[in-house]
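Participant: Starting off with a structure, shown below.
The values are calculated or read from the model by the stated rules, or taken from the named source; none is laboratory data. Keep in mind that this is a model prediction, so the values were computed, not measured. When we count neighbours, we look across all protein chains shown, and the Cβ atoms used for this are built from the backbone with ideal geometry, even at glycine. Side chains are part of the model used for accessible areas, which takes the heavy atoms of the whole protein and leaves out ligands, DNA and RNA. Shrake-Rupley method; radii C 1.70, N 1.55, O 1.52, S 1.80 Å.
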Amino acid sequence: MELAQSVSNIVLYITIKQELAYTRSLTELFDASLKDLQSAYVEAFALDDDFLIAVINETYGAIYNYMHEYQKSVDYYQKAYETYEQFGYRAHLAEATYGLATTYRYWKKYDLAIEYFEHYQSLISYTPNLDISFLSAYGLGMTLAEKGECSKAITIINKGLKLNGPIDYNAELFKRKSLCYINLNKFKQAQIALDNANN
């Protein structure tokens with residue numbers, strides 16, 4: 001931030017401040033995080049930079065999700081989504097959609113979560129990036145499993161496990177798959193999935 005300020009790059013300075021606010025939220029320093037983000041918002045508003053404001057709104061959405069303030073999270077993600085849609089920024093639209101889907105999942109509004117995860121899948125169809133495809137399968141598979149639609153969930157989870165997902169996310173998928181097999185009274189498969197999670 002100091003370096004960006006020293007060369008008078010205010011857009012970079014605001015972007016870094018927004019990233020710092022997000023990073024602080026990951027360590028649950030929510031008061032400091034929201035204070036930094038509010039400051040970044042005021043500066044972006046003064047620049048009349050709609051894109052930067054949308055990025056900040058998306059970050060608000062993520063932070064309020066971590067704080068379990070789901071309605072606020074949805075409201076901010078929706079604002080970001082609308083701005084990205086005006087610009088036609090498909091990758092950013094997908095990111096905001098994933099945020100909405102995740103918020104609805106944690107809010108236990110599973111039908112809305114599924115709707116947004118499916119919308120996310122359609123938005124990312126323009127790229128063959130398997131990492132992005134993994135997030136889609138992960139979110140949808142976990143949501144279906146949590147909703148109790150285990151047969152559908154296992155199919156999606158298996159697709160996700162074939163992609164290049166982070167190891168801890170794969171472990172979560174295996175654990176959720178194991179629980180689904182238990183619900184389906186398939187205990188041998190449940191044990192295999194649990195062993196895979198442990199590995």
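Participant: Could you let me know the centre-to-centre spacing of the range 150-199 and the range 72-86, using Cα atoms, in angstrom?
Facilitator: With the range 150-199 and the range 72-86 each reduced to a Cα centre, they are spaced 33 Å.
Participant: To the nearest 20 Debye, how big is the dipole of the range 82-169 about its Cα centre, given +1 on the beta carbon of each Lys and Arg and -1 on that of each Asp and Glu?
Facilitator: 260 debye
Participant: Okay, next question. Place +1 on the Cβ of every Lys and Arg and -1 on the Cβ of every Asp and Glu in the chain, take the dipole about the Cα centre, and give the residue among Asn183, Gln71, Ala91 whose Cα lies farthest towards its positive end.
Facilitator: Value computed over the given set: Asn183.
Participant: Only helical DSSP H runs with n ≥ 4 go in: add -39500 (n - 2.57) per run for the chain, normalise by residue count and round the 222 nm mean residue ellipticity to 500 deg cm²/dmol. Please report the intermediate quantities before stating the final value.
Facilitator: Details: 11 runs with 165 residues, N = 199.
Here the helix-only value at 222 nm equals -27000 deg cm²/dmol.
Participant: Using a simple charge model, +1 on the beta-carbon of Lys and Arg, -1 on the beta-carbon of Asp and Glu, nothing else, what dipole does the chain show about its Cα centre, in debye to the nearest 20?
Facilitator: Result for the chain is approximately 1160 debye, rounded to the nearest 20.
Participant: Any idea which of Thr23, Tyr13, Ala101 is furthest toward the positive side of the dipole for the chain, if Lys and Arg beta-carbons carry +1 and Asp and Glu beta-carbons -1?
Facilitator: Most positive-ward Cα: Ala101.
Participant: Over the heavy atoms of Tyr110, what accessible area does a 1.4 Å probe trace out, to the nearest 10 Å²?
Facilitator: Here the accessible area works out near 40 Å².
Participant: With r defined as the distance between the Cβ atoms of Phe187 and Glu2 and R0 fixed at 41 Å, what FRET efficiency is calculated, to the nearest 0.05?
Facilitator: So the FRET efficiency works out to roughly 0.10.
Participant: Here is a further query. In Å², what does the accessible area per residue of the chain work out to with a 1.4 Å probe?
Facilitator: Working: 10850 Å² over 199 residues.
I get 55 Å² per residue for this part.
Participant: Rounded, prolate or oblate, given the Cα gyration tensor of the chain, with a/c below 1.5 counting as rounded?
Facilitator: prolate
Participant: Shifting gears a bit: Quick check on the range 1-102: take the gyration tensor over C-alpha atoms, sort the square-rooted eigenvalues as a ≥ b ≥ c, and tell me if it's rounded (a/c under 1.5), prolate or oblate.
Facilitator: oblate
Participant: Give me the percent of accessible area attributable to carbon and sulfur for the range 13-152, probe 1.4 angstrom.
Facilitator: 53 percent
Participant: Net charge near Gly141: determine it from the other residues with C-beta under 9 Å of the C-beta of Gly141, scoring Lys and Arg +1 and Asp and Glu -1.
Facilitator: +4
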